[in-house]
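Novice: One structure, pasted below without further comment.
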Amino acid sequence: MQQFSGTGVAVITPFNNDNSIDFESLKKTIDHLTKGKVEYLVILGTTGESATLSSEEKQQVFSFVAENNGGKLPLVAGIGGNYTQQVTDNFKKFNLDGYNAILSVSPYYNKPNQNGLYEHYKAINDATPLPVIMYNVPSRTGMNVSSETTLKIAENCKNIIANKEASGNFDQIMQIIKYKPEGFEVISGDDGIALPMIACGCSGVISVVANAYPLLFSDMIRFCLQGDFAAARPLHYKLTDVINTLFAEGSPSGVKAYMSEMGICKNTFRLPLVAVSNELQSKIKAAMKLL
């Protein structure tokens, strides 16, 4: 887990105006994040608009990032879904050379009960070729992975090494941290509360805002992990308005708005995602000037 301590970035997938993948901007993004001193990269998570990419395109992105990363940073591949068999089949289907772990979101839409969630992750544990970070994000999936279920997975599924926890429920977060087995870590899935989550015992964050401001945000996280919250707080509050605008009209619409203003990528999406409103774009420009 040491290589996944600190700031991981849920990397965007840039698109051209014709909806094709913009590999030139993807390389710019990888270079920007590497120079920004983040600890690792997460490819084709939710922020990477993975739901809109075909299997062939996903493999192209996985391979392109691995080649351009050149072993500089640990890589995590986003492979999840709401059909367990398809997820485990994809473990065999994708060439994950150069990757160090898999991020697998809990099943969405079909809303399994807690036993179904446990059995899903048990099947993933038994089939995975790499260590797995589970991902609990009930605001997107429609079903919370409870602290009891997470702890049962942590205890019985040793190939699952961490939980990206985005429930926002501090009672749940603290129960998991308090009772988790040694070697299993909790990673913040929320930029805005990463500081207090690390204060509670999380090992870092998988971030959206770090796509745009990797050095500022990863410095803040490093201060937190060193226990220097006096140094971390000013950086945290410097970014709170930015983080609020990031998610005001959905993600990754917000972060791509920032990155297009920076000249890193185009402000382009695949439907049903669209660019932020003109009103929010103006607020984003104002927030950038303040920084």
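Novice: Of everything in the stretch 108-149 that's aromatic (Phe, Trp, Tyr) and surrounded by fewer than 20 Cβ atoms within 10 Å (Cβ to Cβ), which residue is farthest from Glu185 (Cα to Cα)?
Specialist: Restricting to residues being aromatic (Phe, Trp, Tyr) and surrounded by fewer than 20 Cβ atoms within 10 Å (Cβ to Cβ), the top hit is Tyr109.
Novice: Still on this structure, I have one more. For the stretch 259-275, which residues satisfy the criterion of being farther than 21 Å from Asp18 by Cβ and either of a type in the set (A, V, I, L, M) or part of a loop (DSSP other than H, G, I, E, B) (or both)?
Specialist: Of everything in the stretch 259-275, just one residue is farther than 21 Å from Asp18 by Cβ and either of a type in the set (A, V, I, L, M) or part of a loop (DSSP other than H, G, I, E, B) (or both), namely Met262.
Novice: Going through Ile243, Ile221, Ile187, Ile161 one at a time, which residue ends up being touching a Pro at 6+ places or on another chain (Cβ under 6 Å), open to solvent by less than 60 Å² (accessible area, probe 1.4 Å) and either closer than 27 Å to Thr34 by Cβ or of a type in the set (D, E, K, R) (or both)?
Specialist: Ile161
Novice: Something else now. Taking only pairs six or more apart or across chains, which ones have beta-carbon atoms under 9 Å, a first residue in the stretch 36-48 that is closer than 18 Å to Met220 by Cβ and of a type in the set (Gly, Ala, Ser), and a second residue that is crowded, with 22+ Cβ neighbours inside 10 Å and modelled with pLDDT of 95 or more?
Specialist: Gly36/Thr7; Gly36/Val9; Gly36/Ala210; Gly36/Tyr213; Gly36/Phe217; Gly36/Ser218
Novice: Which members of the stretch 164-184 meet the condition of being open to solvent by less than 30 Å² (accessible area, probe 1.4 Å) and either of a type in the set (D, E, K, R) or within 16 Å of the chain's Cα centre (by Cα) (or both)?
Specialist: Lys164, Glu165, Ala166
Novice: Quick check on this structure: which one of Leu280, Leu273, Leu195, Leu215 is surrounded by 18 or more Cβ atoms within 10 Å (Cβ to Cβ) and either at pLDDT 95 or above or out of contact with any helix residue (DSSP H, G or I) (no Cβ under 8 Å at 6 or more places or on another chain) (or both)?
Specialist: Result of the check over Leu280, Leu273, Leu195, Leu215: Leu195.
Novice: Just name the residue that is nearest to Lys289 (Cα to Cα) out of those in the stretch 185-224 that are in a loop (DSSP other than H, G, I, E, B) and touching a residue at least 60 places away in the same chain (Cβ under 8 Å).
Specialist: Looking at the filtered set, the residue picked out is Tyr213.
Novice: Further, regarding this structure: Being free of Cβ contacts under 8 Å to residues at least 12 places away in the same chain and over 17 Å from Thr52 (Cα atoms) is the filter here, so list the residues in the stretch 248-283 that pass it.
Specialist: Across the stretch 248-283, the qualifying residues are Ser260, Gly263, Asn278, Glu279, Ser282.
Novice: Would you be able to tell me the number of residues in the stretch 85-107 that are open to solvent by less than 40 Å² (accessible area, probe 1.4 Å) and in a helix (DSSP H, G or I)?
Specialist: Selection size over the stretch 85-107: 4.
Novice: With the checklist (1) among the charged types (D, E, K, R); (2) without any contact (Cβ under 8 Å) to a residue 60 or more places away in the chain; (3) within 24 Å of Ser167 (Cα to Cα) in hand, flag the one item Lys289 doesn't pass.
Specialist: Going through the list (1) among the charged types (D, E, K, R); (2) without any contact (Cβ under 8 Å) to a residue 60 or more places away in the chain; (3) within 24 Å of Ser167 (Cα to Cα), Lys289 breaks only (3).
The values are calculated or read from the model by the stated rules, or taken from the named source; none is laboratory data. All figures in this text were calculated on a predicted structure; none of them were measured in a lab. Please note: Cβ atoms are built from the backbone with ideal geometry, for glycine as well, and neighbour counts cover all protein chains shown. We work out accessible area using only protein heavy atoms, side chains counted, and drop any ligands, DNA or RNA first. Shrake-Rupley method; radii C 1.70, N 1.55, O 1.52, S 1.80 Å.
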